[in-house]
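The values are calculated or read from the model by the stated rules, or taken from the named source; none is laboratory data. Source: prediction; values computed, not measured. Neighbour counts are summed over all protein chains in view; Cβ atoms, including those assigned to glycine, are modelled from backbone coordinates with ideal geometry. Surface areas here come from the heavy atoms of the whole protein model, side chains and all, with no ligands, DNA or RNA. Shrake-Rupley method; radii C 1.70, N 1.55, O 1.52, S 1.80 Å.
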Amino acid sequence: AREEQLLVEQLLKEISKEGAAVYGYEEVREAVLAGAVSDLIITDSFIAKRRENETFSNIDELMKTTDSTQGKIHLISSSLDSGKQVDGLGGIAAILRYKV
C-alpha cells in the first residue's frame with residue numbers, strides 16, 4: 001500500500017504542475033496509444049464498473065498495450081485512500097514518460 005501511496009502522490013504532483021500525467025479514460029487512452037505511459041493506475045471499482053457496462057474489453061486492450069510498450073500496470077483498491085483519490089480522477093490515470 002505504501003508503494004501505491006507514493007505512486008498516487010507522484011501522479012497528483014505531476015497533475016498539479018501540469019506535468020507528465022493524465023487522467024480520465026480518453027486522455028489515458030491517447031497516452032497509451034502514443035506509447036507514453038510509464039505507469040497505468042486503475043482502481044478495482046473502475047474495473048468493476050466497466051465489467052458491469054460490458055466495456056471492460058477496452059480497458060483490457062489498454063492494459064495489453066501498456067504492457068507491450070513496457071509500461072507498468074497498477075491496480076489499486078478503492079478502499080485505500082490512494083484508491084479513493086484515483087477514483088476522484090475517474091478511476092483511471094497514468095504517469096507518463098513525457099508529456100503528450
Which of A48, A21, A36 fluctuates most in a GNM of the chain (C-alpha springs under 10 Å)? That residue is A48
Label-point separation, K49 to E30 (7 Å along Cα→Cβ), nm: 2.0 nm
Below 12 angstrom from the Cβ of Q10, what's the summed charge of the other residues (Lys, Arg +1; Asp, Glu -1)? -3
Built amide H within the under 5 Å cut-off of A21, gap 5+: L96
Using alpha carbon centroids, what distance separates the range 80-94 and the range 24-56, in Å? 11 Å
Accessible area per residue in Å² at 1.4 Å probe, computed on the range 1-69: 58 Å²
For the pair K99 and E61, how long in nm is the line joining their label points, each one 7 Å along Cα→Cβ? 2.9 nm
Applied in sequence order to the range 70-80, the curve 6.51 cos²θ - 1.76 cosθ + 1.60 (Karplus, θ = phi - 60°) yields integer Hz couplings, x standing for Gly and Pro, of 6, x, 9, 10, 10, 9, 10, 6, 5, 7, 7
How would L33, L6, L62, L80 rank on accessible area, largest to smallest, probe 1.4 Å? L33, L6, L80, L62
To check my understanding: the extent here is largest minus smallest coordinate of the Cα atoms along each principal axis. What are those three numbers for the range 1-74, in Å, largest first? 34, 26, 19
Filtered chymotrypsin sites (Phe, Trp or Tyr not before Pro), the chain: DSSP coil and at most 12 other beta carbons within 10 Å: Y98
Just the number, please: carbon plus sulfur as a percent of the accessible area of the chain, 1.4 Å probe, no ligands or DNA/RNA counted. 48 percent
Longest segment of the chain lacking GluC sites (Glu not before Pro) that sit in a DSSP loop with at most 12 other Cβ atoms within 10 Å: 55-100
Here, trypsin sites (Lys or Arg not before Pro) of the range 10-100 satisfying both criteria (DSSP loop; at most 13 other Cβ within 10 Å) are K17, K99
